[in-house]
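> Got a structure for you, questions after.
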Amino acid sequence: MPQMYEVAEVGEQRLVGEIVRIDGDRSYIQVYESTSGLRPGEPVYGTGSPLSVELGPGLIGQIFDGIQRPLKRIAETSKSIFVLRGIKLEAVPRDRKYVFTPSKELKPGDKVGPGDIIGYVDETPLIRHWIMVPHGVSGRLIEISPEGEYSVEDPIAYVEANGEKTAVRMLQKWPARRPRPFKEKLEPELPMLTGMRILDTLFPMAKGGTGAIPGGFGTGKTVTLHSLAMWSDARVVIYIG
């Protein structure tokens, strides 16, 4: 039986869609690609999985559409300026390798749980990506890979619980509609310097806090956002629009 928010692939081109309503034996699918040319009677394939995103090293520097398709790599693959229907590429490159450095604080036999750091990779010269035990995995660490180059799909550690061995990888998949879990929420303490004295003096923001720029058309909201992206005391800037 189909489930709410299950991903379905529609038509011969397997267009990506999501079940948004179930009424008896009828399911309503919101398709996230152009449905031009779609005919009655074409097949629909259920995936059994919710709409999910890929998390791991390799996201920084990329441009994605609303369902996390990498637009730059799609253009390189399709040789087109348009996103062709039915095209699918992984968000995180599988062929790229990273130098993994295991944690010096863990050794085989230690008990580990969600959020425990097992090592890191330097995703960029500025960004160190900490590799953690994923949510839902806990037990005894039985193996951790030595320092070396690995892809995001290579197992870098194994955790055993109740006789079952689970591989830990750099890549994780997470349902897009489910909030990420956390152990503790920290109170904002440090200021986020923006490089604009008027904001830092009269409208200060904190690292880990939230800010908003309301205003009418043509009042400078976008210019201010661009200035914040360029000069703020932040290592990562994510633009959603």
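The values are calculated or read from the model by the stated rules, or taken from the named source; none is laboratory data. Fair warning: this is a prediction, and the values are worked out from it, not measured in the lab. All Cβ positions, glycine included, derive from the backbone under ideal geometry; neighbour counts span all protein chains shown.
> Is at least one residue of region 89-96 touching a residue at least 60 places away in the same chain (Cβ under 8 Å), not in a strand (DSSP E or B) and not assigned by TED's automatic domain parsing to the domain that holds residue 165?
yes
> Give 118, 127 a once-over and let me know the one that is modelled with pLDDT of 95 or more and assigned by TED's automatic domain parsing to the domain that holds residue 143.
118
> Restricting attention to region 97-137, which residues are of a type in the set (Ser, Thr, Tyr) and loosely packed, with under 14 Cβ neighbours inside 10 Å?
Matches in region 97-137: 124 only.
> Could you say which residue among 213, 198 is modelled with pLDDT of 90 or more and either in contact with a Leu (Cβ under 9 Å, 6 or more places away or on another chain) or among the basic types (Lys, Arg) (or both)?
213
> Counting only residues that are at pLDDT 95 or above and among the hydroxyl-bearing types (Ser, Thr, Tyr), which one in region 50-100 is farthest from residue 16 (Cα to Cα)?
98
> Being touching a residue at least 24 places away in the same chain (Cβ under 8 Å), under 13 Å from residue 94 (Cα atoms) and among the β-branched types (Val, Ile, Thr) narrows it down to one of 152, 159, 137, 133, so name that one.
152
> Hey, another quick one. Check 112, 44 and return the single one that is among the aliphatic types (A, V, I, L, M) and either over 30 Å from residue 125 (Cα atoms) or touching a helix residue (DSSP H, G or I) at 6+ places or on another chain (Cβ under 7 Å) (or both).
44
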